[in-house]
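Okay, so here's the structure we're looking at.
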Amino acid sequence: MASDAAAGTTLEVLRRLESGPRGLTDAEAAARLVTSGENTLPERRTPSWPRRCVRALRDPFTAVLLCLGLVSAAVASWGTAVVILALVAVSCVLRASGEHRADRSMAALRELVAGTATVLRRDDAHEPPRAREVPVGELVPGDVLRLGPGDLIPADVRLLRAQGLTVRQGALTGESAPVGKRVVEVPGGAGPGNGAGGDAPNTPWPGAASAEGGFGAEPGALSAGGGPGAGSGATSARGGFGAGRDGVSGGGGPGVGSGAASAGGGFGNELEFAAAGGRAGGVPTASVAGEVPGAAGGTAFDAPHLCFQGSAVASGTATAVVIATGDATRFAAAHRTPDTPREGGAFDRSVHGISWVLIRFMLLTPPLVLMANAALRGRGLETLPFAVAVAVGLTPEMLPVIVTTCLARGATLLARTHGVIVKRLPALHDLGAVDVLCVDKTGTLTQDRPVVEGSLDPDGRDDPEVLRWAAVGAWWTLQLAELPAPDALDEALLEAAGPVGEEYDGVDAVPFDPVRRISTAVVRGSLGRHTVVVTGAAEAVLERCATAPGAHDRLLALAAREADAGLRVLAVATADRPAGAGAPADARDLAFQGLVTFRDALAPTAAEALRVLADRGVTVKVLTGDHPATAARACRELGLDPGEVRTAAHPGDAGAVGAATVVARCTPEDKARVVAALRAAGHTVGYLGDGVNDVAALRAADVGLAPRSAVGVARESADVVLAEKDLTAIGHAVTAGRHASGNIASYLRVTLSSNLGNVVAMLAAGLLLPFLPMLPAQVLAQNLCFDAAQLAYAHDSPGAAALRGPAVLRPRSFLRFVTAFGLLNAVADLATFAVLALALNGPDAVDDEAVFHSAWFTENLLTQALVMLLLRTGRRREGSRVPGPVGLAAAGLAAVGLLLPPSPLGGALGMTALPAAYYLLPGVVLGLYALALTAARARLRRRQP
Ligand SMILES: Nc1ncnc2c1ncn2[C@@H]1O[C@H](COP(=O)(O)OP(=O)(O)OP(=O)(O)O)[C@@H](O)[C@H]1O
Ligand SMILES: [Mg+2]
């Protein structure tokens with residue numbers, strides 16, 4: 001288990017794992033993979049068949065059906081009970097097999113976007129280690145990993161080095177705010193080789209400030225405990241850092257500003273601390289552990305030096321050794337059951353609402369039928385089977401089957417044709433309902449391959465020195481923070497500036513993070529002095545600069561001018577300070593050096609994608625951390641009118657920010673807040689983003705989308721991943737969502753209005769006739785035929801009208817529609833009934849029950865076939881002559897209606913062949929009914945916008 005492997009000092013842990021700071025060799029890793037097994041979670045395995053069937057039984061409709069079956073059995077109406085049970089069994093099996101297929105294809109799809117980890121491995125024992133990307137499934141205990149912002153922690157690990165590391169472990173603890181993690185030696189002060197170790201995993205973490213050093217540079221220099229400047233003094237630095245982050249990311253409500261401020265302070269302290277203490281020896285090595293909080297004990301998850309699978313890096317970087325993989329991880333132990341599905345989306349909620357209205361109806365129906373029959377006709381309990389059958393007739397038994405089939409088909413097709421991977425099936429119909437799509441700019445609308453365009457001094461003149469300083473900062477950030485992958489801007493700086501940085505000695509670095517919007521590096525200057533290099537967003541850097549009065553605004557205007565030209569702008573400042581005195585990163589007296597500007601090309605498919613989305617009635621909004629002018633320019637180039645660009649720093653009212661097309665200078669929480677405000681205003685919101693700063697918004701949205709190049713957590717948080725570099729796939733995904741929702745809505749509309757009509761007609765006729773209008777078995781038989789025909793909706797293609805706008809299913813207007821058409825249907829049924837009554841020997845003389853039943857059975861199936869064709873969303877595709885699946889199913893249904901009564905099976909159900917003249921009757925009624933339906937439909941269309 002993870003924590004046993006984690007006990008003891010770092011050195012002991014590494015020894016026990018037979019590993020070292022330089023990682024494993026390829027051969028060792030391969031051998032371990034055989035013994036430890038693949039690093040995958042047991043929960044990802046598909047559930048067994050019995051479990052699936054039990055889950056299908058938990059559906060509320062199935063439960064009601066089962067109750068009705070029990071009632072029938074209780075009154076010894078065995079036929080009805082058996083038919084109901086058969087219905088339940090068929091729908092459960094269909095559903096379970098549909099889900100099984102869907103799960104299998106989903107698992108295959110998820111495989112396609114499975115992540116990798118950055119691992120130090122060596123070709124053989126004498127080679128130096130190389131960082132390489134390894135599929136997460138191939139990690140083994142003893143592997144040494146590099147972790148950076150946005151990475152998912154792929155196994156249980158113990159930290160060897162950490163820099164400003166905070167981790168979100170909400171999946172394990174439920175606590176959503178990031179927690180600080182750092183290197184801690186357990187027990188405190190134990191030197192290497194004393195062999196003690198073996199502390200219980202849940203021990204309160206001792207408050208020992210200890211240090212470790214020497215991992216980085218020298219392979220052998222593993223001198224735990226005796227690191228340079230052993231953790232003296234500034235012990236609360238990390239604590240302050242953690243608190244600051246919590247303040248920022250916890251609520252997302254008011255007080256964010258102050259949280260950000262304290263985050264800055266915390267970072268500053270940390271840097272000061274590290275620079276002053278840990279790095280005094282001049283070797284860029286491990287960070288120093290401060291005081292350990294939470295000394296009152298707690299679970300293993302509180303252990304500051306352990307990170308667990310299922311969590312993700314929020315900020316900072318680390319190097320860590322894998323202590324447990326696969327089934328042995330804490331995550332696997334804590335989550336034997338699949339993760340709780342997230343709260344249902346818009347479509348789910350509508351279907352749920354409609355279902356409950358129906359279930360109430362169903363439960364009311366039998367008592368109502370019984371009472372009416374008793375009061376008006378003096379009948380007793382003998383009408384119960386009929387009452388039950390009528391209630392069964394109301395159920396849309398096939399709803400779960402249709403929903404699963406529609407969604408799974410849509411998802412598979414999308415993956416095959418457009419490389420869009422839907423990780424959570426219901427997300428597909430939410431995608432169809434999306435009416436606002438928020439997108440992040442950098443990396444999503446742009447290629448995130450910036451190229452340096454200019455290097456300007458404070459007066460706007462070319463000055464290569466500014467670029468040089470920025471590159472020095474980037475170089476040492478890259479070296480010291482050990483980011484698994486260099487940041488795109490840093491890479492561009494280094495490429496443009498050539499080989500710089502090595503002429504200095506790096507002391508410390510705090511990499512960029514989207515809340516502070518700056519990146520800081522400290523290098524050794526001349527004669528015991530340090531130079532602090534700060535790069536970042538113009539406002540954030542200027543805030544920390546000592547500028548002459550008026551210069552601040554002039555420099556901001558300079559940055560805005562560059563941004564207006566569509567460039568990304570990085571401000572550069574430096575400060576020179578004595579080495580020993582510390583180098584606080586939050587000092588307010590930096591010297592402003594100038595600006596470096598970058599050109600970041602737009603993604604080639606972005607403009608087309610935005611145009612298609614606008615065509616489909618989806619409003620696009622851009623939420624970015626970048627400069628307002630850069631954002632506005634990018635929008636214009638993409639053909640999107642930016643209107644008045646808002647900045648999240650000046651929130652005003654939430655509504656105004658929500659109404660804007662572009663919101664710039666967003667922190668991660670600002671993005672999530674805008675999304676939440678839009679949802680609260682009644683929109684169904686999609687969010688497309690690729691970075692760590694998009695994760696909160698991806699989770700806050702109804703549907704989160706991530707491009708394939710997105711960081712690990714973004715991909716994990718998203719419901720939909722675009723596997724190809726083509727943003728137009730979003731348009732296709734939205735259409736696929738509407739397609740599936742359109743079919744489901746068609747099914748619901750048709751089945752409910754037709755069922756409702758039947759029930760009303762049956763009740764009325766039951767009261768007017770001296771016998772039951774249909775035998776219970778006949779009611780169930782026609783219900784079964786109708787259900788089977790309805791499965792065709794899973795394969796339908798809805799008309800263009802259904803694809804034009806967001807697919808919303810408003811329960812109110814939906815139920816109104818169903819009632820109106822249900823009553824129309826009842827009128828048609830009753831008209832047939834009246835004509836039948838007249839035709840059979842004059843008024844009130846219907847005495848041939850079998851003829852009546854057969855005629856009504858036929859009429860019922862024929863009207864249902866008609867409804868199937870006329871009430872679907874949209875119509876058959878123009879020009880196509882072949883009937884679609886629904887056309888075929890309707891034809892089949894009509895054929896059964898006509899042929900079953902005269903057949904032997906019809907005889908068994910108590911029906912008989914009809915005299916030829918009786919076919920005229922339904923013909924006339926049907927014609928009139930079709931006219932009425934079409935007219936009502938047209939009227940409804942006109943009334944709806
Ligand atoms: N590595 C970095 N070092 C220093 N400053 C940076 C770095 N990356 C970004 N910045 C600055 O911080 C600003 C905000 O960056 P942030 O990552 O929040 O958003 P973004 O990537 O520009 O946009 P988006 O939110 O659309 O992805 C940038 O405009 C830039 O000025
Ligand atoms: Mg981005």
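The values are calculated or read from the model by the stated rules, or taken from the named source; none is laboratory data. Since this is a predicted model, take the numbers as computed values, not measurements. Note: ideal-geometry Cβ built from the backbone for every residue, glycine included; neighbour counts use all protein chains shown.
Can you tell me how many residues in region 519-576 are of a type in the set (A, V, I, L, M) and in contact (Cβ under 8 Å) with a residue 60 or more places away in the chain?
Number satisfying all stated conditions: 16.
Name the residues in region 424-480 that are in contact with a helix residue (DSSP H, G or I) (Cβ under 7 Å, 6 or more places away or on another chain), under 16 Å from Ala497 (Cα atoms), away from ligand 1 (no atom under 14 Å from the Cβ) and small (Gly, Ala, Ser), would you?
Matches in region 424-480: Ser455 only.
Can you pull out every residue in region 526-548 that is β-branched (Val, Ile, Thr), near ligand 1 (Cβ under 9 Å from one of its atoms) and not in a helix (DSSP H, G or I)?
Of everything in region 526-548, those that are β-branched (Val, Ile, Thr), near ligand 1 (Cβ under 9 Å from one of its atoms) and not in a helix (DSSP H, G or I) turn out to be Val534, Thr535.
From the set of residues in region 653-671 that are modelled with pLDDT under 90 and closer than 22 Å to Leu152 by Cα, which is nearest to ligand 2 (Cβ to nearest atom)?
The selected residue is Pro668.
Give region 421-448 a look and list any residue that's near ligand 2 (Cβ under 9 Å from one of its atoms) and of a type in the set (Lys, Arg), or say none.
Hit for region 421-448 is Lys441, nothing else.
Are there strands (runs of 3 or more DSSP E) fully within region 549-641 with at least 3 residues that are of a type in the set (Gly, Ala, Ser), away from ligand 2 (no atom under 16 Å from the Cβ) and not assigned by TED's automatic domain parsing to the domain that holds Val663? List them.
Correct list: 568-578.
Taking only pairs six or more apart or across chains, which ones have beta-carbon atoms under 6 Å, a first residue in region 688-701 that is free of Cβ contacts under 8 Å to residues at least 60 places away in the same chain, and a second residue that is more than 6 Å from ligand 2 (Cβ to nearest atom) and among the hydroxyl-bearing types (Ser, Thr, Tyr)?
Pairs that qualify, where the first residue is free of Cβ contacts under 8 Å to residues at least 60 places away in the same chain and the partner is more than 6 Å from ligand 2 (Cβ to nearest atom) and among the hydroxyl-bearing types (Ser, Thr, Tyr), are Leu698/Tyr687; Leu698/Ser717; Arg699/Ser717.
Of the residues that sit in region 145-159 and are within 18 Å of Ala300 (Cβ to Cβ), among the aliphatic types (A, V, I, L, M) and assigned to a strand (DSSP E or B), which one is farthest from the chain's Cα centre (by Cα)?
Applying the filter and picking the extreme gives Leu159.
Can you name every residue in region 481-523 that is in contact with a helix residue (DSSP H, G or I) (Cβ under 7 Å, 6 or more places away or on another chain), more than 9 Å from ligand 1 (Cβ to nearest atom) and on the phi > 0 side of the Ramachandran plot?
Matches in region 481-523: Gly501 only.
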